[in-house]
1. In Å², and per residue, what accessible area does the stretch 41-107 have when probed at 1.4 Å with the other protein chains present?
2. With a 1.4 Å probe and all protein chains left in place, how much accessible area per residue does the stretch 198-281 have, in Å²?
3. Just to make sure I understand: if all protein chains stay in place, what is the order of Glu228, Glu283 by accessible area at 1.4 Å, largest first?
4. What is the Cα radius of gyration of the stretch 190-324 over 2.2 N^0.38 Å, N being its residue count?
5. Starting from the Cα of Lys142, step 7 Å along the direction of its Cβ; do the same at Arg280; then give the gap between the two resulting points in nm.
6. Antiparallel as a % of all DSSP beta bridges within the chain, to the nearest 5?
7. How much of Ser234 can a 1.4 Å solvent probe reach, expressed as accessible area in Å² and rounded to 10?
8. Say R0 is 35 Å: what FRET efficiency, to the nearest 0.05, do Arg73 and Lys224 get from their beta-carbon distance?
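The values are calculated or read from the model by the stated rules, or taken from the named source; none is laboratory data. Keep in mind that this is a model prediction, so the values were computed, not measured. Note that each Cβ is placed from the backbone with ideal geometry, even for glycine, and that neighbours are counted across all protein chains shown. To get the accessible areas, we keep the full protein, side chains included, count just its heavy atoms, and leave off ligands, DNA and RNA. Shrake-Rupley method; radii C 1.70, N 1.55, O 1.52, S 1.80 Å.
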Amino acid sequence: MIMLVGGLNHVFQRSASGCRRTVAVVEKSKRWKSNVGFVGLGNMGIPMAKNLLKNGYGVVGNDVSAERMDLLRGLDGAKTADTLQQVAASSDAVITMLPESQHVLSAYSALLESSKPEQLFVDCSTISPESSKKVSDMAEKKGCKFLGAPVSGGVVGAENGTLTFMVGGDESTLTAAEHLLGSMGSRWVYCGPAGSGLVAKICNNMILGMTMAAVAEAMNLGIKLGMEPKVLASVINTSTGRCWASEINNPVPGAIENQIPSNNNYLNGFKADLLLKDMRLGESLAKGTHTQTPLTRLTVDVYARISQMGWGDKDFSIAYKYFKEQQS
């Protein structure tokens with residue numbers, strides 16, 4: 001059925017699976033003028049903020065990097081705030097996209113100092129479920145609404161507005177946040193109470209890391225045996241080895257012609273160190289539930305070595321270069 005979100009000039013379509021997809025953009029003459037705070041203006045944060053601006057929101061941003069703050073200020077309709085307290089005070093809703101649990105906990109300690117009753121906070125960071133639950137409790141004590149909503153889709157999804165949000169928290173709060181999510185993504189899934197979205201995201205990223213390592217390892221072998229990268233990738237992508245790591249973000253330079261990190265010296269993607277962090281979160285959750293994750297352990301070892309080699313700021317598809325340079 002078609003669902004009109006009242007007063008916000010967005011139309012969403014509900015599919016049979018319960019997911020929503022934006023089917024119309026905001027009319028320029030009827031823009032919703034509320035300000036959205038955005039904390040964390042990295043490779044994901046800037047394109048997400050751009051899509052908010054595109055859909056008629058004002059954006060008030062903050063980042064520890066002066067360069068990223070300058071980049072946001074250069075966008076029409078965007079402003080910056082010097083402190084997190086100023087972000088919260090000048091916004092109707094706040095989105096955070098930060099690297100690790102400690103950054104999120106610290107940020108919300110400051111943001112909530114200047115929060116308003118019923119103010120909406122959405123954390124899109126990939127952190128531990130326990131940390132997300134703590135932030136949820138902090139927000140509830142201040143009378144605010146909070147969702148833990150990590151994303152899938154990477155930088156390309158952030159740029160194209162096709163992210164998937166894995167949402168944990170109160171389902172009625174998700175309803176209130178749909179207009180925001182629909183401006184940055186094409187799909188969102190309600191996963192359950194606070195922390196549930198992080199469980200889903202961490203499990204997803206465990207698979208992501210393992211499949212990238214597998215594609216990099218197999219492509220490296222095939223190329224060393226004389227296969228042309230494009231031919232080998234074409235075979236895999238039309239066979240049972242087909243996966244996101246091969247078809248969309250292939251780790252071999254030139255294997256596919258898309259604008260992907262491996263074709264750009266592994267820049268502007270999902271940092272290997274962040275993937276390593278997420279997989280270690282998975283190991284921690286597995287340990288707490290006495291669950292065996294031997295493939296995760298092997299993949300963590302690979303990315304730990306990649307980090308030690310000084311490649312942690314590169315896209316995690318740099319695993320191919322790692323395997324290519326190893327001596328048997």
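1. On the way: 2870 Å² over 67 residues.
For the stretch 41-107, the solvent-accessible area averages 43 Å² per residue.
2. Working: 4130 Å² over 84 residues.
Here the residues of the stretch 198-281 average 49 Å² of exposed surface.
3. I get Glu228, Glu283, largest accessible area first.
4. With N residues counted in the stretch 190-324, Rg over 2.2 N^0.38 Å equals 1.08.
5. With each label point 7 Å from Cα toward Cβ, the separation is 2.8 nm.
6. Of the beta bridges lying entirely in the chain, close to 35 percent run antiparallel.
7. 70
8. The formula returns an efficiency of 0.15 here.
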